[in-house]
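See structure below.
The values are calculated or read from the model by the stated rules, or taken from the named source; none is laboratory data. Remember, it's a predicted structure, so these values are computed and weren't measured experimentally. In this analysis, Cβ positions are derived from the backbone assuming ideal geometry, glycine residues included, and neighbour counts consider all displayed protein chains. Only protein heavy atoms, including side chains, enter the accessible area calculation; ligands, DNA and RNA are left aside. Shrake-Rupley method; radii C 1.70, N 1.55, O 1.52, S 1.80 Å.
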Amino acid sequence: MNFLNTNAPINTETIDRIELEKKSGKNIYESICILEKISQIISNHLKKDLNNKLEEFNIINKNNLEEIFENKEQIELSKSYEKLPKVTSISIQYLLNEKIKI
C-alpha cells in the first residue's frame, strides 16, 4: 500500500460510529483496537521508509565531515512527511474505502 498518496483528511473529522461498525463488522471497541494495530503497522512502515530515505543523506554527509550544510532535498523530504495525515486517519480511511478487511 502506498501511504504517501492517500485521501485521508489532514484535520480531525467526526466519523459516524454506526458506519464504522458496519464497515468493520465488529462493535466500536473492537474496531478501535484493530484500527490501532493497523495504525502501528502503518507508522512502522512510514518510519522505516523515511529512515531509509534519510540514510542516503547521511552517507553523503559522512564524506564531508568538515562541511556542514543544509540539504534542501532533505528538508523537502522531511516536510513532505510532516504534511502527511495522522496514521489513525489513514487506517480509518482505508477501512471506510474497504481497502482493508477486518
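A compact table of results
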item: Separation of alpha-carbon centers, the range 1-33 and the range 68-102, rounded to whole Å; result: 16 Å
item: Tilt relative to the chain, helix 72-82 - C-alpha long axis, 0 to 90 degrees, to 10; result: 20 degrees
item: With every protein chain in place, the chain: carbon and sulfur % of accessible area (1.4 Å); result: 51 percent
item: 13 Å beta-carbon shell around Thr6, net charge (K/R +1, D/E -1); result: +3
item: Simple spin-label estimate for Arg17 and Leu50 in nanometres, 7 Å along Cα-Cβ; result: 3.2 nm
item: Solvent-free Debye scattering, log10 I(q)/I(0), computed from the Cα coordinates of the chain at q = 0.12, 0.13, 0.20 Å⁻¹; result: -0.51, -0.57, -0.99
item: Cα centre as origin, Lys/Arg/Asp/Glu Cβ charges: the chain dipole, Debye; result: 460 debye
item: Relative contact order (percent, whole number), the chain, Cα cutoff 8 Å, 6+ residue spacing; result: 53 percent
item: Net charge of neighbours whose Cβ lies under 15 Å from the Cβ of Ile34, counting Lys and Arg as +1 and Asp and Glu as -1; result: +3
item: Surface per residue (accessible, 1.4 Å probe) for the chain, Å²; result: 77 Å²
item: Within the chain, helix-based [θ] at 222 nm, where runs of 4 or more DSSP H residues each add -39,500 (n - 2.57), nearest 500; result: -21000 deg cm²/dmol
